[in-house]
Amino acid sequence: MTYGSLTPEVPLGPFEASPITVWSAPGKAAKLHAREDCSRIRAGRVTSSELPLGTVVERMCPQCARYGEWARPGTGVGLFLGALTGPGLLHELGSYAEADEDTFTDDEVKQAALLLLKAPHDERDDPGADEEEEDWRARREAQQLRDSVVQQWRSAAASLHRSHRLLARFPWLKPWAEARMRRKADHVAALQQQAGHLLSREALTAAAGAAAMGTPDLPAEDPAFALLGTPTAVAQELTSLWRRWNRQAADSWEHPREHGHLAYGLVSRISSRRKGRDAALERAQELVTAWTLALQAGAAGEQDERMLLARLPEQGLDDPPSREEAFLGRLSEWELGVLACWASEADWDGLTVTLRVPEVVAARLLSQPSALSCLPPEQTAPAPDSEPEGPVAAVGPGVFDDTPVSERRPVTPGNLRALRTVSRQVDQLYLVLSIEAGPEVLPLSVLEARVARGGQYVVVAAAGDLPDQLVTARRVELTADTVADDDPVRMPRIHEPAHPDFGRRLGTAEGERLVVRLARGRSHPDAALRCLLLARGVADLRDLGEQYDASGERRDLVPFPVWDGLLAMDQLDLQPFVPVREDGAGRGGSGLPLGVLASAQLYTTDAAGQFEGRAHSPGCQHQARDHGLSRYYDLVTVKQMLGTERFDPCSKCGGYATRRLSTTQVAYYRAAHQVHDLAGQVRWVLDHPDLETDTAALLAELREWDAAAPPDTWFDADNEQRQWNRFIRRLLQQLEAAVDRPWSS
């Protein structure tokens, strides 16, 4: 791929004065570089400066002009430069603008068309083996040429459509690009003409007739098919043969008569030495021939033509421009052939095509489900009461760029559409500000839905806007004592509450460490950390779940390592918070207040036990999926989970995943387990008064807990703090009474 370079001839519009940070060697004529470590810098000393974009373009390093990122991703000027350079607009304008070494000549297309469109009676009646092999090879090469020409046409049309979409966001570029766009449109038209020469209109018309055919009478009781089994089994086999032939005849570029080989499928499971096999095959071939003859008889005679206006399927907004194969990918082979052969006018900007097709083709396009949305011209006029579409939003300063937040304008639906169109790698998480909700972190899809409903939001920052020093410092801190790559990635489980690492696996700090460790070798750890820091601000992690673009491909809003930073697959041990059992049977809980743990989020497939089977976490092996969430999961808090009675967890995963706990939550979780463990020891002493026990250490630890006031951040209500203090005081009093009892006697 040849990337486009930004040159002084390209109009910069409102971004001409945008400040750009550059690096250069000493000297007024030195080239400007986008990176301090550019390989073309030969000087030992490099200085940084901030210059207007117009000045930077004139002195750009050739390598940085193609591959350099001159502005932060997600800003207005960053979007503009990203849309121009690399595989952006400048590349698109230079691609598929004229015939090149991959384009076939008209003579090559003509020779291939003679082979592909040759009628059966033009072939030799009894060719020899060598001639038959040579004909087969020649026809195969012609088919490959046809496939290549059609793919070139689709790719050229995709490039033209992509160029239109990008130019719509930067209207000041249209006059400059007008001549190049005309050349691209002419080349697309030439490729379409070549594709039309290689496709048979007769075959496409016959295919439309095949799609309209009803199931014929099938001779299930014909003696020739007796070896296939009972009449019922024969009927099933013949119905299957009919459906295969009809499906291929209706959706192929080849004429229905070319699918006679399908008859062999009827006897493919029967040994060639079995008596009656040849007779069954011959009868099956007669059936396929009869279906083809019936189709040709119905299509005999001239057919009237009809004009239709077709709306082509939109290319996925999230599809990167390199995925040209996705353009028109939802169309069947037959629908592509219809476009190539009968499209008289094509608007690749608005994705509308005028078709002049035979009546049978028009009937199929209008009556059967199709990715081509076709209507007669008289029905395509807009309704009088319909609202006009909003103006196309141009990408400019003031919405996504790095101007002061106080100067930014609220984002509009057009701005967000432009963002998806322009950016090759849309920053999917945004810190936004609104009057109604204040600061929030929203996925782009959620932000689009809210803005479409009339919400007023200002984009504050994307992941790429987070301070570099903050992210880099955290990454350096996490990797300062990095262990070897072959050491275990995940720390072992700790079950002893007094251990300093107890509960650490559940915390956000451990999540950060995992993200940095897992991101090595996949992507830069800083990028994953940026995404994690913003994703933590999302209120409901299900909003980050699996999304699908217009072509049906899955898109993940966050990299997979980030899920390990958001979710802990460990389950919380809630025994300290379970109420004490009044009947004294078994080991109950301690009834400690939930405190800051009450609002901790848990994600499970079935929190209320209302579905068949057990509940699973997103990372459970029984789910046969990755760690990502989706809208099919339930979100419950720890407080709600304690109140559930029908929750039936999976024995492998524990039934849910825990949203990683903050430092305060981990500290309280550890403290609650330590106090719960002390309560268990006190109960043991009370239940075994006849045994000699060294209670001095236990008394000292309880008095230490009683003397220390719990942090205010542990509890949201005063009564919870009093409940915590009363519980510890009661334990201390019970143990002191047990210790003093022998002396009083």
> With contacts defined as alpha carbon pairs under 8 Å and 6 or more residues apart, what's the relative contact order of the chain in percent?
Replying inline: 9 percent
> Using r as the Cβ-Cβ distance of His622 and Phe560, and R0 as 25 Å, what FRET efficiency do you calculate, to the nearest 0.05?
Replying inline: 0.85
> Given 0.36 nm per residue, what is the gain on full extension from Gln469 to Ala738 after removing their alpha carbon distance, in nm?
Replying inline: 91.1 nm
> What FRET efficiency do you get for Glu221 and Arg646 if R0 is 56 Å and r is their Cβ-Cβ distance, rounded to the nearest 0.05?
Replying inline: 0.45
> In sequence order, what are the phi-derived ³J(HN,Hα) couplings for the stretch 445-461 according to the Karplus relation 6.51 cos²θ - 1.76 cosθ + 1.60 with θ = phi - 60°, rounded to whole Hz, with x for glycine and proline?
Replying inline: 5, 5, 4, 4, 5, 5, 5, 4, 8, x, x, 9, 10, 10, 6, 8, 7
>> For the stretch 18-64, take N as its residue count and report Rg(C-alpha) divided by 2.2 N^0.38 Å.
In response: 1.01
> What's the extension gain from Arg409 to Ala437 if we count 0.36 nm per residue and subtract their Cα-Cα distance?
Replying inline: 8.4 nm
>> Restricting to Cα atoms and excluding each atom paired with itself, what does the Kirkwood estimate give for the stretch 663-736 in Å?
In response: 13.2 Å
> Mind ordering 132-139, 562-569, 676-683 by average Cβ neighbours within 10 Å, highest first?
Replying inline: 562-569, 676-683, 132-139
> What is the distance, in nm, between label points placed 7 Å from the Cα along the Cα-to-Cβ direction at Glu132 and at Ala449?
Replying inline: 6.2 nm
> Kirkwood Rh over Cα pairs of the stretch 180-289 into Stokes-Einstein at 20 °C, 1.002 mPa s: D in µm²/s?
Replying inline: 132 µm²/s
>> I'd like the per residue volume of the convex hull spanned by the Cα atoms of the stretch 630-691, given in cubic angstrom.
In response: 156 Å³
> How would you order 632-644, 95-107 from highest to lowest mean count of nearby Cβ atoms within 10 Å?
Replying inline: 632-644, 95-107
> Zone of Ala29 (label point 7 Å along Cα→Cβ, backbone N under 15 Å): which residues in the stretch 50-94?
Replying inline: 59-60
> Say a paramagnetic label sat at a point 7 Å from the Cα of Arg139, along Cα to Cβ; which residues of the stretch 212-253 have their backbone N under 15 Å from it?
Replying inline: 253
> Sequence-distant or interchain residues sharing an amide H contact under 5 Å with Ile494, placed H: which?
Replying inline: Gly503
> Which distance in nm do the two modelled labels at Ser49 and Glu16 give, with both placed 7 Å along the Cα-to-Cβ direction?
Replying inline: 2.0 nm
> Which order do peptides 196-205, 28-37 fall in by mean Cβ count within 10 Å, highest first?
Replying inline: 196-205, 28-37
> At a Förster distance of 51 Å, what's the computed FRET efficiency of Glu286 paired with Ala99, Cβ-Cβ distance as r, to 0.05?
Replying inline: 0.60
>> Spelling out what I want: for every residue of the stretch 717-730, take phi, set θ = phi - 60°, compute 6.51 cos²θ - 1.76 cosθ + 1.60 (Karplus), and round to whole Hz; glycine and proline get x.
In response: 9, 5, 5, 5, 5, 5, 5, 4, 5, 5, 4, 5, 4, 5
>> Check which residues have an amide H placed less than 5 Å from Thr103's amide H, if you skip close sequence neighbours.
In response: none
> Tell me, what ³J(HN,Hα) does each residue in the stretch 100-111 have, in order and in whole Hz, if you take phi through Karplus 6.51 cos²θ - 1.76 cosθ + 1.60 with θ = phi - 60° and put x for Gly and Pro?
Replying inline: 10, 5, 8, 7, 7, 6, 5, 5, 5, 5, 5, 5
> At what distance in nm do the modelled label points of Asp687 and Ala498 sit from each other, each positioned 7 Å from its Cα along Cα→Cβ?
Replying inline: 2.0 nm
>> Can you compute log10 of I(q)/I(0) for the stretch 695-745 with the Debye formula, treating each Cα as one identical point scatterer, at q = 0.27 Å⁻¹?
In response: -1.00
> What does the helix-only formula give at 222 nm for the chain: each DSSP H stretch with n ≥ 4 adding -39500 (n - 2.57), the total divided by the residues, and the result rounded to the nearest 500 deg cm²/dmol?
Replying inline: -13500 deg cm²/dmol
>> Counting heavy atoms of the protein chains only and a 1.4 Å probe, report the per residue accessible area for the chain as a whole number of Å².
In response: 52 Å²
> How large is Rg/Rh for the chain, to two decimals, with Cα atoms and a Kirkwood Rh?
Replying inline: 1.10
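The values are calculated or read from the model by the stated rules, or taken from the named source; none is laboratory data. Small disclaimer: the values here were computed from a predicted structure and weren't measured. Note that we place each Cβ from the backbone using ideal geometry, even for glycine, and neighbour counts take in every protein chain shown. Calculation scope for accessible area: heavy atoms of the full protein, side chains included, ligands and nucleic acids excluded. Shrake-Rupley method; radii C 1.70, N 1.55, O 1.52, S 1.80 Å.
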